[in-house]
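What follows is a short report on a single structure.
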Amino acid sequence: SKFVYDFTEGNKDLKDLLGGKGANLAEMTNLGLPVPPGFTITTEACKVYLDSGQEPAALRAEVTEHLEALEATMGKKLGQADNPLLVSVRSGAKFSMPGMMDTVLNIGLSDASVSGLATQAGDERFAWDSYRRLIQMFGKTVLGVDGELFEEALEEAKRAKGVRVDVDLDAADLKALVGQFKDIVAKETGRDFPQEPREQMDLAIRAVFDSWNTDRAKLYRRQERIPGDLGTAVNVCSMVFGNLGPDSGTGVAFTRDPASGQQGVYGDYLQNAQGEDVVAGIRNTVPLADLEGIDKPSYDELMHIMETLETHYKDLCDIEFTIERGKLWMLQTRVGKRTAGAAFRIATQLVDQGLIDEAEALQRVNGAQLAQLMFPRFDETAKTQMIGRAIAASPGAAVGKAVFDSYTAVKWSRSGEKVILIRRETNPDDLNGMIAAEGILTSRGGKTSHAAVVARGMGKTCVCGAEELEVDTKRRCLTAPGGIVVEEGDLISIDGSSGKVYLGEVPVVPSPVVEYFEGRMHAGADDADELVKAVHRIMAYADRVRRLRVRANADNAEDAARARRFGAQGIGLCRTEHMFLGERREMVERLILADTDADREAALGGLLPLQKADFVELFEAMDGLPVTVRLLDPPLHEFLPDITELSVRVALAESRKDANENDLRLLQAVHKLHEQNPMLGLRGVRLGLVIPGLFAMQVRAIAEAAAERKNAAKGDPRAEIMIPLVGTVQELEIVREEAEQVIAEVEAARGVDLKLTLGTMIELPRAALTAGQIAESADFFSFGTNDLTQTVWGFSRDDVEASFFTAYLEKGIFGVSPFETIDKDGVGSLVRSAAEAGRATRPDLKLGVCGEHGGDPESVHFFHEVGLDYVSCSPFRIPVARLEAGRAAA
Ligand code: ADP
Ligand code: MG
Ligand code: MG
C-alpha cells in the first residue's frame, strides 16, 4: 500500500486516510487554488508506527521520493545551504483534537542555511526570526522542552532592548536569541539542536505520530467517543513567509459571519507575521476588510477564492492564508464552526442560494443548538460580580431574590416577586417552590440530582453542586468565598449554561425563539427576527419528513396547553402523583391509615372528584390527541411525613403527655412502610395490587372525566391508561380485569363508548425480557428508560451522580451519563428486542418512550431507528425532539 500522497493526489473525501487538514489541502490544490506544494503521510503509516513502535519499512523511501519531487518543483533542496527549501510539519487527524501535537514551521533551517535564506530573501532579520521560531517550536513540541523557557528569553530580549513587540527586535537581537535558544535546548535535552534537515523532518513526523497517544488526547477521544485507533496524518508543506516585511502577512477568514451567518468580510489580518501569531494574539490584528487598503490585488483574489470555496463546500468555510510579498497562499480550509443561531441562518441561506436542499439543511443544525437558542441569556456586555461557579445543570439565565425554602418561594412569587430557590439539595417537597422560582441553586448534587433533573424537565434554570457556597437554610443565608453573604431577599443571578452565580441583578435578554414557539412572535411578520424565520423554516422541514411523533410529559392543563403550542401530538406521560400532593396529602394519609373498607372507600371517594377534575382539564387541553395517564407510581411513604421529624414530634408530645392519636398511627404507618430500597419496593403496579380500590378509583376518575368531556362538551378525549413497573404479564392481567370492569360500568352508566386503551410501561428488565407475553395484555408499551437504565445498570439515579459518576466520566467509562443519553448497547438493546417481541405478539402494538431520553437528541435518533411510534418529553424539549426526529428521518 501507499503511505504518502502528494497534495495533487488527494481529495476532501479522504479524511480517514489523509486527516481533515490533508484532505482539504488536496481539495484546494485540485481546485487550482494557490496552495504551497507538499505531501501527506497517511493515518495508515501512523497506525503501523503506533502498533509496532516503528515506521513502516517502506515509509522512508516513499518520503524521500516525495521530498525529491517537491524539491524538483521548488527548485531547491531541503535545508540547502545557499537556498534552503523549508517546510512545515503539520499534524492533522480526521477530527481535530486538543492535546495533539502542534505544527512546526521552518523545518530545514540550520546554522548552515540561515545565511543562505537571508541572502535569498535579501533580509537578514527575517532569516534569524525564522530560525528562532523553528528552535522554539521544535524545542517545545518535538523535544519536549518547557515552552516557558523560550518565552522568558524572548521577553528578556525585548526588555533589554526596551521594546514591546517582536518586530522591533533586529537581526542582531534575533541572532543572539537563536544562540540562547540553542543553549536552552542543549541544557534541557542533553543534546544539540539537530542541524541535519532530514533529521529535523523525520523527528517532527515521529513526534506527530507520538502525539496521538498523549494522555490528554486519549482522554479527549474517550470522552468524545472517537475511536483510539484512527491515528493521525502528517502534512509536509513547503513554507511561504508572512514575515518578510510589510508587504507580507498572515490571516484567518470566514466565508460568512460565524456568529450571525451574515454574508460579508470576516476575519483578521496581521502584517509581517508568521503562522500562529494571529491566534496567539501577540500583536493587534486588523480587520480583514483593511487588507483591501493594504494589498488590493491579494484582497480581491482572497474574496474570489472564498466564494469559490463556499460554492464548492456548500457551507461556511474557515480559512488560513498567508501573503508573501504580495502573493497570496492558501494554507488551510475546513467547514467552519459557528454559533447555534448562525447554524440555522446559514442552513436556510444556503437553501435559498440553491446550494443545498431541505434534507441537507436539516443535517446542518441540531437539537442541542435549538435548545441553546431557547434559553434566555444574560447580557454579555453587562458588568457583573461573580461569587461562585458550579455545575451548569439546566441552562438559562435567571435573576431573583434569594429564598431558602419552598414556602417562601411560593409566597413571594404569588405576590409578584421573582425568586431564586437556594437549597443544599432539593427533594419532592420542594416541587412547589421550584415551580414558583425563576431558577434553582443547590450546593450539593450533580447533573442528575433531583434539582437538576426536575429543573431540566421544567425547562427551568438550575446551577447545582456549588460546594464553595455555604447554604444555611436555618439562618436563611448563603456565604460565598471571601465572606460575601447573601441574605434572604438579596438579588442574585444564576447562569445555567455556564454554572456561574452572580451577586445582584444581571440584565437578561429573552429568547426570540421561545417567543415564536409560544406564538407571541410570528415568522411571517415583515420585521420578524432573521433567526426566527430560519427556525420556522427548519422546523417545517423537520415536521414534513419525520416519522416519529412527539408527545409531552405533562400533568396539568397549563403544561399541556404549552406543549400543544410547541407542537406536541399528545401526552405520553401524565404522572398522577402530583395530584396527591398539597392539600390532598391529608386524604392520602387517611387512605394509608384506613383500617376498614369503609374508611378506605371514604378516603378514595374524597380523592375521586378531585382526580376527575384534573383529568377533565387535561383532556380538554389535549382534545383530539392521545393522553397517556400513568396510575400512581411512587412508594406511599413519599406522601407521609418524614420519619425523623415525626418521631421527634411524637416523642416531644409524649413527654408532655399529650400525644395525638393520629400522629401515633401515622408514625406506626411510616415505620411499617419504611423500606431499605424504596426504589425497588412497594410502588407502581404493586401498590395497585396491594391497596384495594386505589387503581380502580384512578381508572374511574379517568373514565368519568372522559365521559364528561364526550357527553357534556362534545369533546374528543383519547385517554390511554398506563400501568407502571410491571414485571410480569400476570400483574397486568389482574389490573386490566379490574380496570375493564370499572370502565364498563362507567360506559353503561353514561351511555358512551370511551375507547380507552390500557398498556404498560416497560421499565424493568424482566418486562423487557418477557415483552412478548406482556403484549398479550397490553395495547401499548411505553419504555420508561429512566427506571430501565437504573435497573439494567443497577445504578440508583439519585445517588450515583454524587458518588462515582464523575470518576466514571473522567476515566472515560462513559462519555455521557446513561441517564442523559440512552445506553444503546445495553439498555437500548433491551428496548429493541422488547419492541420486536411485543410487535411479534401484537402487530398493532403502539410503542413509545417517556423519560429524560425522549428529549435527548442522540436518543431520539436511536428510537427512530428502533421503530418506535413516538417519543415523549417535557414541553420545553418538544421542539428539540421534533427537529431531531426530522433529522433522523431526512
Ligand atoms: P493548526 O492545526 O494548529 O492550525 P497548522 O498546521 O494549520 O496548525 O499551522 C499553524 C499555523 O502555521 C497556521 O497559522 C498555518 O497557517 C501556519 N502554517 C502552516 N504551514 C505553513 C507553511 N507551509 N507556510 C506558512 N505558514 C504555515
Ligand atoms: Mg491551522
Ligand atoms: Mg418509572
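What the table shows:
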quantity	calculated
Value of [θ]222 nm, deg cm²/dmol, for the chain, DSSP H segments ≥ 4, -39500 (n - 2.57) each, nearest 500	-13500 deg cm²/dmol
Dimensionless Rg/Rh of the chain - Kirkwood Rh, Rg from C-alpha atoms	1.06
Computed log₁₀ I(q)/I(0) - Debye formula, equal Cα scatterers, no solvent, the stretch 96-231, q 0.14, 0.16, 0.18, 0.21 Å⁻¹	-0.70, -0.85, -1.00, -1.20
Rounded to whole Hz, the Karplus (6.51, -1.76, 1.60) HN-Hα couplings of the stretch 177-192, x for glycine and proline	5, 4, x, 5, 4, 5, 4, 4, 4, 4, 5, 7, 10, x, 9, 6
Within the stretch 531-568: backbone nitrogen closer than 20 Å to the Lys755 label point (7 Å, Cα to C-beta)	549-552
Spin-label zone in the stretch 363-389 - amide nitrogen under 12 Å from a point set 7 Å from the Cα of Arg475 along the C-beta vector	none
Where N is the number of residues in the stretch 557-671, Cα Rg divided by 2.2 N^0.38 Å	1.38
Intensity falloff of the stretch 376-510 expressed as log10 I(q)/I(0), Debye formula with alpha-carbon point scatterers, at q = 0.14, 0.15, 0.21 Å⁻¹	-0.50, -0.58, -1.23
Candidate lysines - alpha carbon under 21 Å from Lys47, same-chain residues fewer than 8 apart omitted	Lys2, Lys12, Lys15, Lys21, Lys94, Lys218
As computed over the stretch 586-650, the Cα convex hull volume per residue (Å³)	115
Stretchable slack from Ser498 to Lys411, in nm (0.36 nm times residue separation minus alpha-carbon distance)	28.4 nm
Mean projection area, nm², convex hull over Cα of the stretch 300-421	13.1
Amide N of the stretch 317-346 lying under 18 Å from the label point, which is placed 7 angstrom from the Cα of Asp13 along Cα→Cβ	335
Least to most buried among His671, His312, His853 (fewest other Cβ within 10 Å first)	His671, His312, His853
With Cα atoms, 0 to 90° folded angle of helix 694-711 axis to the chain main axis	90
Cα long-axis angle, helix 215-224 against the chain (0 to 90 degrees, to the nearest 10)	40
Residue order, fewest to most surrounding Cβ atoms within 10 angstrom, among Arg882, Arg590	Arg590, Arg882
Among beta bridges that DSSP assigns inside the chain, antiparallel share in %, nearest 5	60
Theoretical FRET efficiency, 1/(1+(r/R0)^6), r = Cβ-Cβ of Leu664 and Glu380, R0 51 Å, to 0.05	0.30
Relative packing of 22-30, 787-795, which averages over residues the other C-beta atoms within 10 Å, highest first	22-30, 787-795
Spatially proximal lysines relative to Lys714 (Cα-Cα < 16 Å; intrachain offsets below 8 disregarded)	Lys755
Calculated FRET value between Met303 and Leu581, using beta carbons and R₀ = 45 Å, to 0.05	0.10
Calculated FRET value between Glu601 and Asp799, using beta carbons and R₀ = 35 Å, to 0.05	0.35
Extended-chain gain in nm, criterion 0.36 nm per residue less alpha-carbon gap, Asp146 and Asp642	172.7 nm
Partners for Lys533 among lysines (Cα-Cα distance below 22 Å; same-chain residues under 8 apart left out)	Lys314, Lys337
Net lengthening on full extension, Asp844/Glu467 (0.36 nm per residue, minus Cα-Cα)	130.6 nm
Relative exposure of Met303, Met330, judged by other C-beta atoms within 10 Å (fewest first)	Met303, Met330
Principal axes of the stretch 4-238: Cα extent on each, largest first, Å	49, 41, 31
Separation in nanometres of the label points that stand 7 Å from Cα toward Cβ, at Gln363 and Val690	5.3
Degrees between helix 597-621 axis and first principal axis of the chain (Cα, 0 to 90, nearest 10)	50
Cα→Cβ-extended label distance, 7 Å offset, between Gln353 and Ala172, nm	5.3
Scaled radius of gyration (Cα, divided by 2.2 N^0.38 Å) that the stretch 249-338 gives	1.00
Whether the stretch 749-814 is rounded, prolate or oblate, judged on the alpha carbon gyration tensor where a/c under 1.5 counts as rounded	prolate
Projected label distance in nm at Ser833 and Glu155, using a 7 Å step from Cα toward the beta-carbon	6.2
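Readers should treat all values here as calculations from the given coordinates under stated rules, not as data from a laboratory. Computed from a predicted structure; not experimentally measured. Glycine gets a Cβ as well: all are built from the backbone with ideal geometry, and neighbour counts include every protein chain shown.
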